[in-house]
């Protein structure tokens, strides 16, 4: 049985830093060990590859200029000609990602990781004006790398925008000089309070943090205003307090909430508003396909609908 051939897919808009990332991976991160490799370049950026330097690490490079040429037959031709043991695909930022996901790859070729580069200086502009195209490039990313970050970058805002449509992505921030910016993000609430009070405007931030870093909330007490989701189809003893969140526009509005175990759940009307004080416990749950945060009410009070009943990731 032949071993699989790993394919690393690099996505992102033109000039977002894909070529620089590939060069960095090959020449600075000691990725190569003499294994025969192939770079499939699907667009010309400002940075060019040094062909002679690539040969020294046993990598060939070919270009596919047209989306129509990115076919099963073309990839098979390249596989037969170059016989790579690993493949880097620098995908064109204007081509739909669905295209490569639909194309049948050569035998043994397996996409093992998708890395996406984003220019931090233009990210919010693209999200506001070209949201669908931006999300298309990042939807399946395992790692999203924000480069060209400076002290004005709101990392929390970036992370919330990405996590709104790609919860699994690892997010990395690079400074303009290429060094990693691993400064922790400040949270707009105090985790050391006896009861962590979550203001309406901070609900989305708290939700993402408790879902990603649930261990630090184990046995903590929280208080927030919530809209109740308690439809008849829910299992007895369960309701879901949460909020409707909007990322960029009306089309993005979705409900996000946490599982809440409460034996008197039938007393909490669906679509009612409550002020909930609860203890967070980390438990195994099928909904999480593993461990995650579950709420246990300490106090439930009826509440008025907020003036703005939406919360925001930005």
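Read-outs throughout are calculated quantities, based only on the coordinates presented, and are distinct from any laboratory measurement. Note that the structure is a prediction, hence the values are computed from the model and not measured. All Cβ positions, even for glycine, are placed from backbone atoms using ideal geometry, and neighbour counts span all protein chains on display.
Quick notes on this one:
- DSSP beta bridges in the chain [antiparallel fraction, %, rounded to 5]: 45 percent
- Residue among 157, 108, 170 with the largest mean-square fluctuation in a Gaussian network model of the chain, springs linking Cα atoms under 10 Å: 108
- The distance separating the Cα centre of the range 172-190 from that of the range 256-273 comes to 36 Å.
- Each peptide in 79-87, 210-218 receives the mean, over its residues, of other Cβ atoms within 10 Å, and ordering these scores from highest gives 79-87, 210-218.
- Value of [θ]222 nm, deg cm²/dmol, for the chain, DSSP H segments ≥ 4, -39500 (n - 2.57) each, nearest 500: -6000 deg cm²/dmol
- Burial ranking of peptide ranges 143-151, 96-104 (average Cβ count within 10 Å, highest at the top): 143-151, 96-104
- Read-out Rg and Dmax of the Cα atoms in Å, derived from the coordinates shown; its label in (1) 17.9, 56; (2) 23.3, 72; (3) 20.8, 88: (2)
- Sorting the segments 55-64, 229-238, 36-45 by their mean number of nearby beta carbons within 10 angstrom, highest to lowest, gives 36-45, 55-64, 229-238.
- Temperature 10 °C, viscosity 1.306 mPa s: under these conditions the Stokes-Einstein estimate for the range 206-314, based on its Kirkwood radius over C-alpha pairs, is 110 µm² per second.
- Our summary gives the range 215-283 a relative contact order of 48 percent, counting only alpha carbon pairs under 8 angstrom and 6 or more residues apart.
- Rounded to 10°, Cα long-axis angle of helix 18-27 versus longest principal axis of the chain: 70 degrees
- Here residue 71 and residue 132 are evaluated by their C-beta separation; at R0 = 22 Å the FRET efficiency comes out at 0.35.
- Folded to 0 to 90 degrees: helix 203-212 orientation relative to the chain principal axis, Cα: 60 degrees
- Cα centroid separation, the range 17-85 to the range 281-295: 42 Å.
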